[in-house]
Amino acid sequence: MYLKSKPPVEIGLFIPCAEDSSNRVANILAERIANETKNINLRIFTVKQKKCTNKIDELRKKQFLHSDILEDVVFPFQNSKGLSSNPDGVLLCPKLLEEKYPDRVYVEYVEDINDADFINKRIIKNINLRMAFSVRNLQIFHDAFIKAFTQKGDASLMNAHPAALPNIRGLEGPFWTRINNIDEYTTTLHIIIREIDAGDIVDYATSYINKTKEQPIAHYTRDAAPELSNMIFKQLHLQFVKKGAHNGINIQKGEVKYYTVPTIKEIDKALSMGLIITDSQKQISWLMENYSNRKKNLKHYMELLELILNHYRKFDASLSNSEYKLDKTKIKSKKHLVA
């Protein structure tokens, strides 16, 4: 369905500077807004995230978190090549999304979302900013920001929480979903209020967890990005076509608990249960499938692969490129290279 608004409006998307699931959402929304709407533009706020603590570094050694592969390798590589050198159909970094969809997608870096100057100039004075969504952004919206946004009347500020609310609040929702032996992974869209993860629930999407073919927990949010994008686009339809407000719903009952980053002991418990926290090989394969296209530009593909492998070896010394050498042996002639 083609959506349009009069006068023009902007949709805000607050995401980390470089994170795979939120960047996938940004790519899906940018394409849909550019192709399926009129007078509705997307403003992507790439938000600085907290530096890793020693605790997070320790968890990385347990392969709980991936290295900053997008920020350190993939995005700089894409930017160095430029939009024309990145094959059609691949995921793009925010900067290249802005180039691909001029006058429809805007990108700006945010050091602190609660900075008074930012709130005044970019939120209060931007009268066209009518809706905003926070996806995987770890900076907490304070009262001044929430008030500045919601005082616009029918403006909506929502968060995409990577777990079922109200049961699993806080951080690392996918991990706590699995360690609590829940059969479905849920992404919850809710209104942002002062209390964390406590606003009205406006929509949710669930997917069945196939325990006989265990997927890495760290990949849940990335795989759920298309459903989350559909939920966000549905809210645009409600706001600008039906002109109706979202209705609060509750999708779960039971104990409400706030979770934080798991400890090493809790990580070990998950591993003893046979859960897969993450998988470097699968992550590398996914990055190559989505940020490059071997058939359309083999040279681009092989350059990126080598950079990614070299980076991952810093965090996983056991990682071998033996599985990827087969790729190189299939290169028979230069005719396979596509400029």
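Cβ-Cβ under 8 Å, sequence separation 6+ or interchain: first residue in the range 8-30 and more than 23 Å from Gly89 (Cβ to Cβ), partner small (Gly, Ala, Ser) and assigned to a strand (DSSP E or B). Which pairs?
Listed by first residue and then by second, the contacts come to Ile11/Ala132; Gly12/Ala132; Phe14/Ala132; Phe14/Ser134.
Being touching a Lys or Arg at 6+ places or on another chain (Cβ under 8 Å), in a loop (DSSP other than H, G, I, E, B) and closer than 19 Å to Ser22 by Cβ is the filter here; which residues of the range 139-162 pass it?
Gln139, Pro162 - these are the residues of the range 139-162 that are touching a Lys or Arg at 6+ places or on another chain (Cβ under 8 Å), in a loop (DSSP other than H, G, I, E, B) and closer than 19 Å to Ser22 by Cβ.
Report, by residue number, each residue of the range 167-194 that is over 16 Å from the mean Cα position of the chain (by Cα), surrounded by fewer than 22 Cβ atoms within 10 Å (Cβ to Cβ), outside any helix (DSSP H, G or I) and not acidic (Asp, Glu).
The answer is Asn167, Arg169, Gly170, Asn180, Asn181, Ile182, Ile191, Ile193, Arg194.
I'd like the full set of residues that are under 14 Å from the mean Cα position of the chain (by Cα), modelled with pLDDT under 90 and assigned to a loop (DSSP other than H, G, I, E, B), limited to the range 196-241.
none
Which condition number does Gly274 fail, the rest of (1) on the phi > 0 side of the Ramachandran plot; (2) modelled with pLDDT under 80 being met?
That leaves (2) as the condition not met.
Of the numbered conditions (1) out of contact with any helix residue (DSSP H, G or I) (no Cβ under 6 Å at 6 or more places or on another chain); (2) closer than 19 Å to Arg122 by Cα; (3) not charged (D, E, K, R), Ala148 satisfies every one except a single condition; which is it?
(1)
Looking at Leu97, is it under 23 Å from Lys38 (Cα atoms), under 19 Å from the mean Cα position of the chain (by Cα) and free of Cβ contacts under 8 Å to residues at least 60 places away in the same chain?
no
If Arg130 satisfies all but one of (1) crowded, with 19+ Cβ neighbours inside 10 Å; (2) out of contact with any helix residue (DSSP H, G or I) (no Cβ under 8 Å at 6 or more places or on another chain); (3) farther than 25 Å from Asp20 by Cα, what's the number of the condition it fails?
(2)
Out of Leu97, Leu65, Leu91, which single residue is closer than 28 Å to Glu303 by Cα, at pLDDT 90 or above and out of contact with any Phe, Trp or Tyr (no Cβ under 8 Å at 6 or more places or on another chain)?
Leu97
Does Leu307 qualify as being farther than 20 Å from Phe175 by Cβ, at pLDDT 85 or above and not in a loop (DSSP other than H, G, I, E, B)?
Yes; evaluated as a whole, the condition is true for this residue.
Might you check whether a residue that is touching a Ser or Thr at 6+ places or on another chain (Cβ under 6 Å), without any contact (Cβ under 8 Å) to a residue 40 or more places away in the chain and not in a loop (DSSP other than H, G, I, E, B) occurs anywhere in the range 112-122?
no
The values are calculated or read from the model by the stated rules, or taken from the named source; none is laboratory data. None of the values given here were measured: they were computed from a predicted structure. Glycine also receives a Cβ, built like all others from the backbone with ideal geometry; neighbour counts cover every protein chain displayed.
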